[in-house]
Amino acid sequence: MQAQEIKQRLQSLVEEASIIEPKLARRLEEINRWVKNVKPGSLTAKPLLSLFLLQIILDADAWLKFQALASKDEQQDAINALNPTVRYWYSDLFPKWLSEYDPKFYIWKQKLMAGEFCHQDNNLIKSIANSINRQNGSIVQRYIADLSMATDIIVCNRQEKPLCVQFTSLADEYSQQKLDDWQASLRFWGVERGLFLSYNPNVDDFVNRIVNISLHNSDNLHVGIYLKFNV
């Protein structure tokens, strides 16, 4: 989807949502006001901003399709048919984001527009996603989860229990503040358990270690536990 198409589709989704889903309409209108004066060329030059907008368009379109179903039972059946991580996103975190005040939204919108996010973990997440998919697990990555909810990925393994995972390559002596902020964010959004993985990219086979630890804890980490693990 080209930059101009992104802006047009965002506007049309605002109009659609205003009829059947006011909470979504308010979020989309806020985003639309934020980007409406960005020229297509400038939007193309901001790839993370474009990717965020594509994700919100995808989620908004899916959410409107759910809401358009005739009954709550039909809506729930449609969500239940999704893979477990996508199901968790649409049944829990995305509706919370639509309904609740997001204290980080104003801050990261400014940074995203200014190009201050470089998403250094992007290649790592692609490698992790490929490995998880090969092992028949499931994974979801959303910029909203990353920037507002301190969650780089959501993973599920055999037990289909979604787990929010945050990565850092910071050494322990520098990561405590990030760890504290991570726990606070998960609690704020009602995430019942989470994994904070501190990794050393110089360690052999660290990607597979991250994958195995994430999938194991998806099945086994108890509710109420926010676990820090060094790879």
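The values are calculated or read from the model by the stated rules, or taken from the named source; none is laboratory data. Because the structure is predicted, anything quoted here is derived from the model rather than measured. Cβ atoms come from the backbone with ideal geometry, glycine included; neighbour counts cover every protein chain shown. Protein only, heavy atoms only, side chains kept; ligands, DNA and RNA dropped before computing areas. Shrake-Rupley method; radii C 1.70, N 1.55, O 1.52, S 1.80 Å.
Only a single item in (1) modelled with pLDDT under 95; (2) in contact with a helix residue (DSSP H, G or I) (Cβ under 6 Å, 6 or more places away or on another chain) is not met by Q177, and it is number (2). Considering each residue of the stretch 68-75 in turn, none proves to be in the same structural domain as E21 (by the TED database), assigned to a loop (DSSP other than H, G, I, E, B), on the phi < 0 side of the Ramachandran plot and touching a strand residue (DSSP E or B) at 6+ places or on another chain (Cβ under 8 Å). Being open to solvent by less than 20 Å² (accessible area, probe 1.4 Å), among the hydroxyl-bearing types (S, T, Y) and in a helix (DSSP H, G or I) is a property that holds for S131.
Taking residues in the stretch 27-48 that are in the same structural domain as E100 (by the TED database) and over 16 Å from W108 (Cβ atoms), and partners anywhere that are modelled with pLDDT of 85 or more and among the hydroxyl-bearing types (S, T, Y), the pairs with Cβ atoms closer than 6 Å and at least 6 places apart or on different chains are L43/S50.
Take the stretch 216-231 and flag every residue that is touching a helix residue (DSSP H, G or I) at 6+ places or on another chain (Cβ under 7 Å) and hydrophobic (A, V, I, L, M, F, W, C). Lay out the reasoning, then the answer.
Of the stretch 216-231, the ones touching a helix residue (DSSP H, G or I) at 6+ places or on another chain (Cβ under 7 Å) are 226-229, 231.
Across the stretch 216-231, the qualifying residues are L227, F229, V231.
Within the stretch 146-158, can one find any residue that is touching a residue at least 40 places away in the same chain (Cβ under 8 Å), open to solvent by 20 Å² or more (accessible area, probe 1.4 Å), closer than 23 Å to I225 by Cβ and within 16 Å of the chain's Cα centre (by Cα)? No, there is no match, as no residue in the stretch 146-158 is touching a residue at least 40 places away in the same chain (Cβ under 8 Å), open to solvent by 20 Å² or more (accessible area, probe 1.4 Å), closer than 23 Å to I225 by Cβ and within 16 Å of the chain's Cα centre (by Cα).
For the stretch 146-198, which fully contained strands (runs of 3 or more DSSP E) count at least 2 residues that are more than 18 Å from S131 (Cα to Cα) and not assigned by the TED database to the domain that holds Y101?
On the way: elements: 153-156, 163-168, 194-198.
Here the list reads 194-198.
Just one of the listed residues (D92, D102) is assigned to a loop (DSSP other than H, G, I, E, B) and modelled with pLDDT of 90 or more, namely D102.
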